[in-house]
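Participant: First the structure, then my questions, so here it is.
Since every read-out is calculated from the coordinates, none of them should be taken as a lab result. Predicted, not measured: the structure shown is a model, and the values here were computed from it. When we count neighbours, we look across all protein chains shown, and the Cβ atoms used for this are built from the backbone with ideal geometry, even at glycine.
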């Protein structure tokens, strides 16, 4: 007998958001539309366990609030846990999907306690071009509970946070990479101006 997955009501999108950009906003929109989410909780990682943040957490939190302000389903908060599983253990969300890109699914096996993550939430995977199909098939085959993984298509947005930071460091405009209010706040807060 198959496993019945309850209807997903809550999405969780976690990240460093250093800074948030139009790709993040597109991912949020696609997840809300394709997963039928009532709410999307965007969590800014205060102290990521896997990479160093260039801007302080309070600045990244402000930027994320500005980036997602036009999406009424989105609530932005701060995640004080370095690892996703620790945040989920505290939050214990009901009927939730943790939203990731296809590239993150390919690395899911390296996460802390991936099996426990899939006990606590489903994965909502945004399928984007650029990640080799073979790598995705291998990743899905290694997932401890593949029935807990849902995928959806989204149009790719060719931008990364490092692209934004590099442009700022070179003194180039970023208006085509981030929401307008995010660009204004980055300028006001004098963020990302030095060498990385």
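Participant: Using a Gaussian network model on the chain with a 10 Å cutoff between Cα atoms, which of 24, 81, 50 fluctuates the most?
Facilitator: Greatest mean-square fluctuation among the candidates belongs to 50.
Participant: Compute a Gaussian network model of the chain, connecting alpha carbons closer than 10 Å, and tell me which residue from 143, 76, 100 fluctuates the most.
Facilitator: Per the Cα network of the chain with a 10 Å cutoff, 143 tops the list.
Participant: Also, I was wondering about something else. May I have the extent of the alpha carbons of the stretch 10-189 along their three principal axes, as whole Å values ordered from largest to smallest?
Facilitator: 45, 34, 30
Participant: Kindly provide the helix-only [θ] at 222 nm of the chain, computed as the sum of -39,500 (n - 2.57) over DSSP H runs of four or more divided by all residues, to the nearest 500 deg cm²/dmol?
Facilitator: That calculation yields -11000 deg cm²/dmol at 222 nm.
Participant: Over the stretch 10-189, what is the relative contact order in percent, taking alpha-carbon pairs closer than 8 angstrom and at least six residues apart?
Facilitator: Averaging sequence separation for qualifying contacts and normalising by length gives 27 percent for the stretch 10-189.
Participant: By counting other Cβ atoms within 10 Å of each Cβ, how are 193, 60, 7 ranked from fewest to most?
Facilitator: 7, 193, 60
Participant: Taking the Cα atoms only, what angle lies between the long axis of helix 22-35 and the longest principal axis of the chain, rounded to 10 degrees?
Facilitator: Helix 22-35 sits at roughly 30 degrees to that axis.
Participant: Between residue 33 and residue 7, with labels modelled 7 Å along Cα→Cβ, what's the label distance in nm to one decimal, could you check?
Facilitator: Result for the modelled spin labels: 2.1 nm.
Participant: In degrees from 0 to 90, rounded to the nearest 10, what is the angle of the helix 180-189 Cα long axis to the longest principal axis of the chain?
Facilitator: Rounded to the nearest ten degrees, it is 60.
Participant: Another question, then. To test your reading of the geometry: what angle, between 0 and 90 degrees and rounded to tens, separates the Cα axis of helix 133-142 from the longest principal axis of the chain?
Facilitator: 50
Participant: Among 51, 112, which comes first, then next, by fewest other beta-carbon atoms within 10 Å?
Facilitator: 51, 112
Participant: By per-residue mean of other Cβ atoms within 10 Å, what is the highest-first order of 173-179, 153-159?
Facilitator: 173-179, 153-159
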